[in-house]
1. Give me a comma-separated list of calculated 3J(HN,Hα) values for region A:117-125, in order, Karplus coefficients 6.51, -1.76, 1.60 applied at θ = phi - 60°, integers in Hz, x for any Gly or Pro.
2. May I ask you to report, in nm to one decimal and beginning with the shortest, the distances from residue A:365 to the same position in the other copies, taking label points 7 Å along Cα-to-Cβ?
3. Looking at A:234, A:221, A:209, which one has the Cα that reaches farthest to the positive end of the dipole of region A:209-252 (charges on Cβ: Lys, Arg +1; Asp, Glu -1)?
4. Contact order normalised by length for chain B, with contacts defined as Cα pairs under 8 Å and 6 or more residues apart; what percent is it?
5. If you count, for every residue in A:375-387, the Cβ atoms of partner chains within 10 Å of its Cβ, what is the mean?
6. May I ask for the net charge around residue A:319, where only other residues with Cβ less than 13 Å from the Cβ of residue A:319 are counted and Lys, Arg are +1 while Asp, Glu are -1?
7. Which residue, B:229, B:262, B:205, tops the fluctuation ranking in a GNM of chain B built on C-alpha contacts under 10 Å?
8. Quick one: accessible area per residue over region A:301-432, 1.4 Å probe, rounded to a whole number of Å²?
Number of protein chains: 2
Amino acid sequence: FQEPSSSFSSSSPFSSLSVDTQNLRKQIDELSTFSDAPAPSVTRILYTDKDVLARRYIKNLMGLAGLSVREDAVGNIFGRWDGNEPELSAVATGSHIDAIPYSGKYDGVVGVLGAIEAINVLKRSGFKPKRSLEIILFTSEEPTRFGISCLGSRLLAGSEALAEALKTTVDAQNISFFEAAKSAGYAKDHDDLSIVFLKEGSYSAFVELHIEQGPILEEEGISIGIVTAIAAPASIKVDFEGDGGHAGAVLMPSRNDAGLAAAELALAVEKHVLDSGSIDTVGTVGILELHPGAINSIPSKSHLEIDTRDIDQERRNDVIEKIFQSAEMIASKRGVRLSEFRIINQDPPALSHKLVIDAMQSAAKELNLTHKSMISRAYHDSLFMARVSPMGMLFIPCYKGYSHKPEEYASIKDIANGVKVLALTLAKLSSF
Amino acid sequence: FQEPSSSFSSSSPFSSLSVDTQNLRKQIDELSTFSDAPAPSVTRILYTDKDVLARRYIKNLMGLAGLSVREDAVGNIFGRWDGNEPELSAVATGSHIDAIPYSGKYDGVVGVLGAIEAINVLKRSGFKPKRSLEIILFTSEEPTRFGISCLGSRLLAGSEALAEALKTTVDAQNISFFEAAKSAGYAKDHDDLSIVFLKEGSYSAFVELHIEQGPILEEEGISIGIVTAIAAPASIKVDFEGDGGHAGAVLMPSRNDAGLAAAELALAVEKHVLDSGSIDTVGTVGILELHPGAINSIPSKSHLEIDTRDIDQERRNDVIEKIFQSAEMIASKRGVRLSEFRIINQDPPALSHKLVIDAMQSAAKELNLTHKSMISRAYHDSLFMARVSPMGMLFIPCYKGYSHKPEEYASIKDIANGVKVLALTLAKLSSF
Ligand SMILES: [Mn+2]
Ligand SMILES: [Mn+2]
Ligand SMILES: [Mn+2]
Ligand SMILES: [Mn+2]
């Protein structure tokens, strides 16, 4: 891998890349208003009215940037700038705009609005790409509605299992995936979602710009994180069932309380994660629901959703095994039934590609921005794009590492730095 | 207190009390169809459309029984059979028809439909009451919608605190109590709910027929429970708050997980209840909610609702104090904020009145039905009626003691026995 010296001479147009920070800030604020929660919270769930409005906003910006826009059957949106050699596989960038309930306005958004601005930056600089450049807005990176994370990118990466599963997937209101997709204007003609799969060699490289969602860059005062690997996430759904009954009338020895079983398992998840002894192992019970959910009813059912991650797949799988053993032990001890213990996904970690890492590093260096190599502990659409394309990610600092809550924040200066590095990285990658 | 021998000679009309079991069974089944959950579950929440339809059904039956029907400002419904001496204070009976989510069709209902049938039984027997007899359908015995149990009977008993609190009470959808009441046709003219308070001496006695909601009568093969005391309930709302954050990006040592604090407190409730060493102490976490409630978000808020009861008020209050200490300790240990620990109600226990106990016992004896004295571990509107009237309760067996779930069941034979004892008890009480 050798840089063609011509494009990156000291007289290159890229020495004067300029980001329209005012406009970019305005776009981030405007996009955040398409939300089902009051500001500063953002809630934007797949295929809801607010999601549809936000998608329209992005397609409009793509059009204004001179990109040709298309959408696939699940609503992955593609904005393409044809290169001088459009027959070559393209260089892609992108992220997501869906937002979990009561979260913030930067997660994902920075990598979509930032990508559009990166294209604008390159256009203003007079650059003409050799390979085409393409922005992808991925459908449902967040698992909120259908319990499936990175729905769009998993399908793009060719997941037959997911294409099959979606035929019978419903949300919490029992609305099917296809019904929801159709209500948003997608999945109109086909029940076969394999049409979404990318053709082999569609992209020569993929790079995603994202807030760090961790505290390291801010604490160390570094502008750019060069992601070399993405931690391996797994998610598990657990149901306990007991006899329930009246909170006054059923005496303690006669109870088999499904809620207390759930409480014990939540604490067991924490214990097994801490017992791993590694700072890189995390585990979370983000959902814990009781049925019937009345103050004077002993819970007859409980439902937990557990998220566990590690950069070491084997260590993470050990934790999952221990959680399962605890669930069985708790059920047996409390006389409740472990009616479900289902591993929803158990993805392997992904490594960034040297081609992309090198391009990101030289871009940061040329722009005189401090940078360091790091691991992504959150997963991203990049985890799945890595299956079908050389992949890399760029991180920018965010306030205290906060994410998935309203306090999430990245300064416009840090965002602009990320956009510049992304623009230059895309330019470099398009030249090979 | 001396029985007037005239009314209860062996030639009394009551020796042939006959219950129309077929009709009563039909009514129980019909009433259960006014539900927001599919059968066999029943969900009937205060002031919803289904509640309004069920109320209409009851008022119609009261009218068919020849009772004069009136309603008060919160929807307590009164059906009156004027006695020969209508200036005397009346004898009352009644229960509730609201049903917590996914519960059964007998809790409360047996004491309302059974009371109407008891009146019909007395009318068919040719009986004419001296004191007027009155059936009361109490509004919102269950705390489901506004978090307040025995709303109707507390007001009837003259709770100034509740009349005041209801001015600002809202449900989970932020609908005010008055807005909800108006939508059901109540609270039209007044904001001052003290108009609901009963005048002193309105009733000379109150008796409630109810399923046991415990296993004792069924296990021991006894037809009738004579309730001598109602256990003292207390309910508590607890909120924890932490920083939340991304389930992948925030490492374990940086977390303050409000959900795990809730899980620990739920287990602490169980521990303190068991530590009391008494079989009569119970405690339940029936509600445990996490915010934002997404699999990839660390819970930033948690909300618990705790119910604890005992026949010994001091022992129950000791448990509450220990739960509070645990909540503070857990909050401090986990670095979360205990933003609320509110004791919603902490009612004293109630004792049945000798007048009513004696009438119930002689009625059961005269009808040749096995009976035993017992404690009510569930609370009832009787707990509050006891504040303004001599009170007693009749229990009938129910399947395995199940209640507050769809498996709740009482045989029509056991219900008919209860109705007969209730009819004869009312007749006796009306004669004094
Ligand atoms: Mn996210
Ligand atoms: Mn994201
Ligand atoms: Mn009940
Ligand atoms: Mn009841």
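The values are calculated or read from the model by the stated rules, or taken from the named source; none is laboratory data. In this text the structure is predicted, and so the values were computed from the model without any measurement. Glycine gets a Cβ as well: all are built from the backbone with ideal geometry, and neighbour counts include every protein chain shown. Heavy atoms of the whole protein, side chains included, go into the accessibility calculation; ligands, DNA and RNA do not. Shrake-Rupley method; radii C 1.70, N 1.55, O 1.52, S 1.80 Å.
1. Values per residue, Gly and Pro as x: 5, 4, 5, 4, 4, 5, 5, 4, 7 Hz.
2. Label point to label point, same position, other copies: 10.3 nm.
3. Farthest along the dipole direction, towards plus: A:234.
4. Relative contact order for chain B comes out at 23 percent.
5. Counting Cβ atoms of other protein chains within 10 Å of each residue's Cβ and averaging gives 1.
6. Around residue A:319, the surrounding residues sum to -4.
7. Residue with maximal mean-square fluctuation among B:229, B:262, B:205: B:262.
8. 38 Å²
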